[in-house]
Amino acid sequence: MTAFKQRVLSGMQPTGNLHLGNYLGAMVNWVKMQETHETLYCVVDLHAITQATSVWGGPATLRKSTLEVAAAYIAAGIDPNRSILFNQSRVHQHAELAWIFNCVARLGWLNRMTQFKEKAGKDRENASVGLYDYPVLMAADILIYHATHVPVGDDQKQHLELCRDIAIKFNNDFSVEFFPITEPVIMGTATRVMSLRDGTKKMSKSDPSDLSRINLTDSADDIAKKIRKAKTDADGLPAEAEGLKGRAEAENLVGIYAALSDVTVADVLKQFGGGQFSALKNALADLAVAKLAPINDKMVRLLADPGYVEGVLVDGAARAAVIAEPIMAETKKIMGFV
Ligand code: TRP
């Protein structure tokens, strides 16, 4: 049995509009994992182009968004010396391994992927082949580094199961124990930050209402306004977590407060339970501004020097390739490529 080193890989799409959901659901966890694991974080630009050009915005937008999202992660605490931070398209082994995995994965497996169905919508005939193949490339992102742990939001669980299925089938087909069976890591009190307008929907960059989300680039005034206007219900705050059941908006605000201050929901209710929403909202606005403003400032400073950010990605890609290259070579050897 091959012993796999604890290695984390995760990826984020290059979209400039990062929000509180990305911060609490992904960035905070990624930063923490730097303490305990070897960490690789990848801007998945090859995934971005799977949708229509009008969605990813074309060349100038792709370039800008890639640098912005990298800057946001550095600003949030990803240390480019500790972590390997890079963009996917610079390490060609991702695409190369994806081709091999295309021949391991079965059509039936991909036909079950719910994210494809959602993204393709009704006009499936017109979706790109790349959108259909998205989860296979994602498996290659992970397995090209023999990553053992992948922190993701729970909407990505199905893709990680596919990644495991691919690893298992490859190992079986060639009688090896070469690819690890990767574990999903779903962490944090607020891995699912919900819309401020509808507590049953995820906070999302594509929600038409900007009041539904707190963007990392929002001003202090905007943040305070959005939290003040956040939907609540008629009852006050309960004293115990039980009392949040079935009250999606209340649960969301309490959860966000807990996650931002790194305490439990019970702790938050000890402080605010029995009171009105207004007290929690005021405290939450201050807390959100205090947490997000420094990140925003740092991001602006980083983007004033895009050459620096690009340099981080180039350096990260070189370090990533050092890991990917021998794994690709071994894969080809296992399969008999001359
Ligand atoms: N599909 C992921 C998402 O939308 C992004 C992603 C691409 C990813 N490749 C990955 C996440 C590899 C983890 C590991 O969130």
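The values are calculated or read from the model by the stated rules, or taken from the named source; none is laboratory data. Please read these numbers as outputs of a predicted model, since none were measured by experiment. Backbone-built Cβ (ideal geometry, glycine too); neighbour counts: all protein chains shown.
Tell me which residues, restricted to the stretch 218-251, are of a type in the set (S, T, N, Q) and either in contact with a strand residue (DSSP E or B) (Cβ under 6 Å, 6 or more places away or on another chain) or free of Cβ contacts under 8 Å to residues at least 12 places away in the same chain (or both). Residue satisfying the conditions is SER219 alone. Considering (1) outside the structural domain of CYS103 (by TED's automatic domain parsing); (2) within 28 Å of ILE78 (Cβ to Cβ), the lone condition that GLY316 does not fulfil carries the number (1). Could you please let me know if ARG90 is assigned by TED's automatic domain parsing to the domain that holds ILE323, charged (D, E, K, R), touching a residue at least 12 places away in the same chain (Cβ under 8 Å) and within 16 Å of the ligand (Cβ to nearest atom)? In short, yes.
Exactly one residue out of ARG228, ARG192 is over 25 Å from LYS298 (Cβ atoms) and at pLDDT below 90, and it is ARG192.
Can LEU131 be described as of a type outside the set (Gly, Ala, Ser), crowded, with 21+ Cβ neighbours inside 10 Å and within 25 Å of SER204 (Cα to Cα)? So LEU131 fails the test.
Remark: pairs (first residue in the stretch 8-35, closer than 26 Å to ALA60 by Cβ and in contact (Cβ under 8 Å) with a residue 24 or more places away in the chain; second residue part of a strand (DSSP E or B) and of a type in the set (Gly, Ala, Ser); Cβ separation under 6 Å; 6+ apart in sequence or on different chains) are absent. Applying a threshold of 7 Å to beta carbon distances and a minimum spacing of six or more residues, or different chains, the list of pairs starting in the stretch 150-163 at a residue that is more than 19 Å from GLN34 (Cβ to Cβ) and assigned by TED's automatic domain parsing to the domain that holds GLN13 and ending at one that is outside any helix (DSSP H, G or I) and near the ligand (Cβ under 8 Å from one of its atoms) reads LEU160/VAL150; LEU160/VAL152. If you go through the stretch 1-16 and keep only what is within 19 Å of ILE144 (Cα to Cα) and either near the ligand (Cβ under 10 Å from one of its atoms) or at pLDDT below 95 (or both), you end up with MET1, THR2, ALA3, PHE4, LYS5, GLN6, VAL8, LEU9, SER10, GLY11, MET12, GLN13.
Within the stretch 17-37, not a single residue is among the small types (Gly, Ala, Ser), farther than 30 Å from LYS226 by Cβ and modelled with pLDDT under 90. Within the stretch 50-68, the set of residues being in contact with a Gly (Cβ under 7 Å, 6 or more places away or on another chain), surrounded by 17 or more Cβ atoms within 10 Å (Cβ to Cβ) and not acidic (Asp, Glu) comprises THR50, SER65.
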